[in-house]
Amino acid sequence: MLNWGEPVWEVVDRDICARIGRLHTEHGVVETPALMPVINPGSRIINPKEILEQIKPKMVITNAYILYKNIDMREEAILNGIHKLLGFDGVVMADSGSYQLLRYGGVDITNHETLEFQKEIGVDIATPLDIPTPPRETHLRAEADLETTYKHLEEAIELFSGCKQLLNGPVQGSTYPDLRRESAKWVSSKPFDIHAIGGVVPLMERYEFVEVTRIILEVKKHLNPARPVHLFGCGHPMLLPLAVMLGCDLFDSAAYALYAKDHRYLTPEKTIKLEELEYFPCCCKLCTSTDPKTLKNSSNQEITMFLATHNLLVTLAEIEKIKQAIRQGVLWDLVVSRARAHPALLAATKEAIKEYEHLERFTPIYKPSGIKYVGEETHRHPVVARAKQRIAPLLEKTSLVVKHPLLGEIPWELSESYPMGQVVMENNKNKANTRQKHGDNLEKIRMIADYQFFPGAGQTLFPSEVEIQTSKKTGRIRDILLEGERIATLRAENSLLVLGELGAKRLHAHTKEPTFRVCVDPEAAPFISQGSSVFSKFVLNADQRIRPYDEVLVTTPGDKLIAHGKALLSGCEMTFFKRGVAVKTRGAIKPHGENRQKVCSYVPSWYKPKTDETYDETDGHNHGRG
Ligand SMILES: [Zn+2]
């Protein structure tokens, strides 16, 4: 396995607990969330080569147990490798036979055999034979199964040590929160590359989505946040937005083929029997080429291939929709709209959003899109709930409380800040009611600092003598200076503060560790001081209150301030991630009297790890100046 050597996954964007990441393997880089079609090279009804040709997936999953049991396929796979056998040069993950164990109660392959076989045929991601305990089995049995799983996982670690193939460390524990928690902690302490949440297929089949949600939440709370998570057996598009919002990154679909064989047609919200279809509610290349009546008159083989292809295309399209929603910060809207597809999904969504504190911990401070009121659940949106929590202690400090249509009472100073100023209500009521000018600009920026950092931060950052520069065109606040040095800039698009060097120094001088600090290895300090980003592998510790996109102070041990920047990870994630950027540096702290020209010096390659980091948001003070 590559882990504890070179980590294989990095996060490049996020929304609530959802992540867009990049998984690095021997057969290329795959963007997550990703859906892996289950490819069975032995299938006679669904031609795997044709499916791969039509769909062109980046990553697939195949069952090592089924391959192993078929002597011809086994020999061919060993001789030529799995990629040749499948006629596919993308990423291949293997399942071990655990699913068959869950389904049929037994398999005639040992853990050692399946692992050796997966290693031999060159799968990119190998899976040990974990023991999936069915839901609501006795605690005693679930515990015993977990013990066996641990033994199998230990064996896998030994076998794959030093290998370039990635290793999956599945989490089991049936429907017992204590066992799921223990299992998540155990696998996190071992050098796995990805984790699967296993044993949930029977629950999904029975539409017990609330239980599935509870399991995901329990596991995610205790799993290493720097590793991608595979929700095993979740292939119906209706569940994907919620699962991604809770932090699942990989999915597999056997559903496309199973439903196709059963002549069932998938949509993002439900499954429809072909015989009931009068129209195709889909614009994929197949559905636009014919109509249900013609299809019904085709051969069984043709119908099955048609439905398998459509089912996969519609599922993959849902993944694209989810990723687009993450980028824009509107995943919540998609989850809430999908929740209307089925009462069980609505109940699961409500169960998920009860866990506000967990969801909020990973939710960025702002996103490009505002919060749309899309139903009662909007009140539980982590961004809305966080805003209410932060506003409560500030109400007594303001000279005027105004009524916000979604958040209730807010200080007038915050009426333009994210999310208050970006909330979209019916008839745009928000803007009419709360965007009113009152009091002075100093009051306003101090209140925003209190909201953004902590109550009292406004006084700390902005003494009475500050010079507040405003846009000549719009009159809006831009830069806040003290004796010509910039303390902060108010971002035009979300009315939140971007710290300048003086602001960082003032915040540092008036607070104690660990407040808003990211403490880094002194070894990395020279490069950060030259403007290089803070790579997560150099983070020693970080304030747990930091949220993605917070303004943070970069320090070295002994609380020496060396730079300031924008956090890209949550404080609680920073010490776990070993790949990618933790803080995008806005500026280095120059010792007094040093030349203020930007220095451009050599940064050695060992400092700057290979990364596909794509955060390219422009810093607040570089644009929008009026
Ligand atoms: Zn279609």
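Values quoted throughout were computed directly from the atomic coordinates according to the rules given, and no laboratory measurement underlies them. Note that the structure is a prediction, hence the values are computed from the model and not measured. Please note: Cβ atoms are built from the backbone with ideal geometry, for glycine as well, and neighbour counts cover all protein chains shown.
Starting from 0.36 nm per residue, how many nanometres of slack lie between E276 and R476 once their C-alpha separation is accounted for?
Contour length minus Cα-Cα distance gives 66.2 nm.
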In terms of Cα to Cα distance under 17 Å, which aspartates and glutamates are near enough to K84, apart from those fewer than 8 places away along the same chain?
E26, E50, E53, D72, E75, E76, E120, D124
Specify the angular offset, from 0 to 90 degrees and rounded to the nearest 10, of the alpha carbon long axis of helix 209-222 from the longest principal axis of the alpha carbons in the chain.
60
Pairs K164/K221; K444/K512; K69/K221; K354/K566; K56/K164: which are spaced more than 27 Å apart, C-alpha to C-alpha?
K164/K221; K69/K221; K354/K566
State, to one decimal in nm, how far the label point of E485 lies from the label point of V29, with both points 7 Å from Cα in the Cβ direction.
3.9
Once the mean 1/r over all distinct Cα pairs of the chain is inverted, what Kirkwood radius in angstroms do you read off?
26.3
What is the set of long-range amide H partners of M36 at a cut-off below 5 Å, with H atoms built 1.01 Å from backbone N?
F251, D252, S253
Once both axes come from the Cα atoms, what is the angle between helix 343-353 and the longest principal axis of the chain, in degrees from 0 to 90, rounded to 10?
40
Too long for a 27 Å Cα-Cα cut-off, among K220/K350; K270/K293; K350/K388; K220/K560; K397/K505, are K220/K560
Residue span R136 to S464: 0.36 nm per residue of separation minus Cα-Cα distance leaves a gain in nm of 111.7 nm
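What ranking of S532, S96 emerges when the number of other C-beta atoms within 10 Å of each C-beta is taken as an exposure proxy, fewest first?
S532, S96
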On C-alpha positions alone, give me the angle between the axis of helix 300-328 and the longest principal axis of the chain, in degrees, nearest 10.
10
Let me test this: with uniform point scatterers at the alpha carbons of the range 1-70, what is the Debye-based log₁₀ I(q)/I(0) at q = 0.13, 0.18, 0.22, 0.28 1/Å?
-0.54, -0.86, -1.02, -1.21
Within the set of other residues whose C-beta is less than 10 Å from the C-beta of P268, count the net charge using Lys and Arg as +1 and Asp and Glu as -1.
+1
For the pair K119/H342, report the inter-label distance in nm, with labels modelled 7 Å from Cα in the Cβ direction.
4.0
The ratio Rg/Rh over the Cα atoms of the range 454-508, Rh being the Kirkwood inverse mean 1/r radius, stands at 0.96
As a test, work out the antiparallel percent of DSSP beta bridges whose residues both lie in the range 1-106, rounded to the nearest 5.
65
As straight-line cross-link partners of K261, the qualifying lysines (C-alpha separation under 16 Å, not fewer than 8 residues apart within one chain) are K273, K296
